[in-house]
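Please treat every number below as a calculation from the coordinates, not as lab data. What you are looking at is a predicted structure, and each value in this text was computed from that prediction instead of being measured. Ideal geometry is used to build each Cβ from the backbone, glycine not excepted, and the neighbour counts take in all protein chains shown.
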């Protein structure tokens, strides 16, 4: 019941779904339609797991007064405030200028600027890394460096002004050697995914069972 | 008024995050935590309003879609994860999703990431009227893909004409590709900074268009 | 002070000076405004001309598959394609693969429909034109005529009317988006019984005309996540839906194999890709001017030159100081 049935569900579900792809019969299409209809509903509940563990971690920190525990309130308050606000003003979920609401305000004017700025910090760090770590120490490193510089110049208007060959060579690198390298990686990843799919379907890979019960 | 207050709040949070560049500080830490809470809370609200309510609760309450109790109950089983005695029940919805998702993905991944790629690699090296850089490019693409594949093939030692030379060519091709990725990464990071500067100087201070 | 010490000092410079440098080169060009030309590439032109051939009988999806973190790159792409579609009266279904991405979809609508945006479109919410819908006036041409006959006037500066349910549907987020894509190959309405505004999608004329992805002509995924792959795997490979990519620069190089294999019709890579689309829109008279992505390209030029100089200086100091022969440098801040 605890391990065998879930493993059976995986195997039956997996094989059924592979078969339905190759058998476009009415029955298989109906099963497929139900499946795609129901699964998003089931998976919507998975969000509760994330919210639950976030709550557990931060309430634990607050209870134990761990280092920087005060900041945990900054996680927990908006975590529960947002759904409450959305419930009070259901219309606010859709945003828009005509119906300003606190819910939409918090997303647009707190979440968006913070997240966008956090990502933009990387511009500063990549500049620093370019100065400190990007060295032409070997022939291969030099190739990488030259390829990067040509592509960087090729992608901006000033590269075009410095010489037509910058964008042309940059595009050539992207369209041929870059493509070759990325295709090899894609094939490798593709085979890896297929192998993992089969391992999960046939119960060879069972890590997903986790430690819940035996 | 609503917009103006919003932009001021956004600008202050933007500056708070940038203060990290000088030194780690409490305002940055506060913003960092807020982001986690708001995104999860936003997710809960949207998921309920757009999926759970119209696709499960409303049809069930209308009384003629009892079959939806099946996905509803399966979904609820996720929550047993928090009750140690019956937490194993959460394996049922996980198993259902894992198995079916793997099954659905198998033939399509095979097609998208393997078969189409093999097909795409079969291009003519030369055709009349083809410019020299395309002939060279196609040759580099075909041989480069094979060489890079050899480089990633670790079941044989990289020695001899085929595996040795192949893997050496492979790593050169890979480095060219990674160089291009680095160049694009720089571009991407700078673009994100540009976005924030446009916000601060344009939307907030109105000193640029 | 010996020469070696100068190089060592240079390499151990406080990184905050580099931060200051990148801030300066990213701000100054905004005030000088070089307006350097952006030359378009086939990667972007292919999307543009494909889109340009579509009309009111077609429909497209614009999928907001990015979070606020990458909005600077992804938003201009999505906005550009939305404007192109509205100009040609092509109905646009808007989706999102994650809750935060749903917010980005709403932000894009706010931008395109905002009267303060140059070249905005004037939105008519679904409920506002209910009467006309019930009178079976749903074709775009007669709808605009009937709407204006009711005394509604297009605001100054607006490029046209867009009717919710006729020209666009904000579908938004749904969980397990790869399966949602698969589900939409059967029925869009099953996956989205209501849209982000709570409207019943079944009542929308555009959904009645395009019931599943099989009746749709293109999907643009403006993506900062792996969701772009889902569109190829689950829509392109399942039913042959033409896919266009709008990718962050970091991801752009990884998907050239899809482009070359013909699995995607074109790809906009990073801010540059978005700027190219803006140039094509402006050159073809679809928008009155270029937008934020194009403006950012001057800064992009300056910043790239600055970073290349940093790489050269870093290498110069490293080799001239003889550090390639020595043990590790002391780390700087």
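Before moving on, here are some points about what is shown:
- Pairwise Cα separations in the protein assembly as shown fall into 20 Å bins from 0 onward with the following percentages, short to long: 15, 48, 33, 4, 0.
- Spherically averaged projected area of chain C from its Cα convex hull (nm²): 20.5 nm²
- DSSP beta bridges in chain C [antiparallel fraction, %, rounded to 5]: 5 percent
- The ranking of C:304, C:87, C:324 from fewest to most other beta carbons within 10 Å of each one's beta carbon is C:324, C:87, C:304.
- Between segment B:32-87 and segment C:202-254, the alpha-carbon center distance in angstrom: 26 Å
- Anisotropy class of segment A:134-201 from Cα gyration tensor, a/c 1.5 cut: prolate
- Other protein chain Cβ atoms within 10 Å, averaged over every residue that makes up C:38-50: 1
- Take each residue of peptide C:97-105, count the partner chain Cβ atoms within 10 Å of its Cβ, and average: the result is 6.
- Range of Cα positions in segment B:123-209 per principal axis (Å), largest first: 64, 40, 14
- Calculated FRET efficiency for the pair residue C:150/residue C:209, C-beta based, R₀ 25 Å, to 0.05: 0.60
- Ratio Rg/Rh [Cα only; Rh per Kirkwood] for segment B:16-153: 1.22
- Arranged from fewest to most other beta-carbon atoms within 10 Å of their beta carbon, A:19, B:34, C:220 become A:19, B:34, C:220.
- Segment B:63-116: C-alpha pair distances exceeding 16 Å, %: 58 percent
- Across all C-alpha atoms in segment C:1-138, the radius of gyration and Dmax reach 23.0, 88 Å.
- For segment A:15-82, the mean projected area of the C-alpha convex hull, equal to one quarter of the hull surface, is 6.8 nm².
- Fewest neighbouring Cβ atoms within 10 Å first, the residues C:168, B:18 line up as B:18, C:168.
- Chain A shape via C-alpha gyration tensor axes, a/c threshold 1.5: oblate
- Segment A:153-170 and segment B:135-209: distance between their alpha carbon centers, rounded to Å: 17 Å
- Put simply, segment B:6-77 fits an ellipsoid with semi-axes of 43, 13, 6 Å; these come from the alpha carbon gyration tensor as the roots of five times its eigenvalues, largest first.
- Segment C:90-202 shape via C-alpha gyration tensor axes, a/c threshold 1.5: oblate
- Averaging Cα coordinates gives a centre for segment A:177-203 and one for segment A:1-78; these two points are 24 Å apart.
- Share antiparallel - DSSP beta bridges, the protein assembly as shown, percent rounded to 5: 5 percent
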